[in-house]
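Before any comments, here is the structure.
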Amino acid sequence: MGSETKTITFEGIPFPAEITAAGNPLSLLATGITDIEIHFLQIKYNAIGVYLHSNDDSDLLTTHLGAWKGKTAEDLLADAAFWSALVSSPVEKLLRVVVIKEIKGSQYGVQLESSVRDRLAAVDLYEDDEEEALEKVAEFFQAKYFKPGSVITFHFPATPGPADITFVTEGKADAKITVENEHVAGMIQKWYLGGDNAVSPTTVRSLADRFAALLAA
């Protein structure tokens with residue numbers, strides 16, 4: 001999705017330092033992985049890059065998060081209000097998820113659907129419209145096969161609204177779906193950027209370290 005510039009290597013995977021999406025430059029702010037440990041063996045599934053709109057919006061973002069100026073990364077990690085503020089920040093965001101370990105797309109879709117559904121239900125936002133929107137997302141991934149190097153991109157607008165999901169894999173045409181439901185789109189974003197409840201603790205830690213530096217007094 002979008003044009004790309006120089007790369008930064010993470011987990012052996014090149015991530016563009018900047019991606020242009022919808023005409024706007026978004027800079028790589030943090031990286032992380034999703035993984036599990038089985039019998040003391042770490043299995044890495046995906047590498048994640050978090051991009052936010054750069055240039056003028058950098059000031060907009062730090063102003064929006066001004067209440068946390070001077071806080072340490074540990075302070076940010078422990079503060080649920082910070083992560084809510086980050087998700088609601090009025091800047092464009094993009095998540096680039098690169099497959100490390102191959103799985104069926106249906107497995108990923110079911111995990112996303114289940115996690116987002118539970119989060120919406122917990123805040124009493126899971127109604128028929130949300131159920132329908134989530135089912136469409138799960139169906140989008142149903143027939144996909146996540147080969148290593150495949151890329152899933154989530155593109156979120158600066159203000160709450162529809163989000164775009166793109167899937168790119170070798171040998172197949174790019175596939176795209178728009179999540180029209182604002183609640184579902186917002187909760188998918190929280191699934192990745194939601195602090196201690198996020199799917200990737202390493203991504204959250206990377207974000208906390210980066211924002212502690214950006215917000216340093």
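The values are calculated or read from the model by the stated rules, or taken from the named source; none is laboratory data. Bear in mind the structure is a predicted one, so any value in this text is a computation, not a measurement. Cβ sites come from the backbone with ideal geometry, for glycine too, and all protein chains shown count toward neighbours. Accessible surface is based on the protein model in full, side chains and every heavy atom, while ligands, DNA and RNA are left aside. Shrake-Rupley method; radii C 1.70, N 1.55, O 1.52, S 1.80 Å.
Computed values, structure above
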quantity: The range 171-217, residues that are outside any helix (DSSP H, G or I), closer than 19 Å to K136 by Cβ and of a type in the set (V, I, T); calculated: I177, T178, V179
quantity: Which listed residue, of L94, L76, is modelled with pLDDT of 95 or more and in contact with a strand residue (DSSP E or B) (Cβ under 7 Å, 6 or more places away or on another chain); calculated: L94
quantity: Near pairs, Cβ below 6 angstrom, 6+ apart or cross-chain, from the range 179-206 (over 17 Å from Q111 (Cβ atoms)) to any residue that is aromatic (F, W, Y) and in a helix (DSSP H, G or I); calculated: G195/W83
quantity: Selected residue (only one of K93, K69, K104, K44 is touching a Phe, Trp or Tyr at 6+ places or on another chain (Cβ under 9 Å), among the charged types (D, E, K, R) and surrounded by fewer than 21 Cβ atoms within 10 Å (Cβ to Cβ)); calculated: K104
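The rows are residues; the columns are (1) closer than 30 Å to E170 by Cα; (2) modelled with pLDDT of 95 or more; (3) open to solvent by less than 50 Å² (accessible area, probe 1.4 Å).
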{"site": "L52", "(1), (2), (3)": "yes, no, yes"}
{"site": "D56", "(1), (2), (3)": "no, no, no"}
{"site": "L61", "(1), (2), (3)": "no, no, yes"}
{"site": "F82", "(1), (2), (3)": "no, yes, yes"}
{"site": "V98", "(1), (2), (3)": "yes, yes, yes"}
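Residue-by-condition table, conditions (1) surrounded by fewer than 21 Cβ atoms within 10 Å (Cβ to Cβ); (2) more than 25 Å from H53 (Cβ to Cβ); (3) more than 14 Å from the chain's Cα centre (by Cα):
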site	(1), (2), (3)
E182	yes, no, yes
Y192	no, no, no
S200	no, no, no
R205	yes, no, no
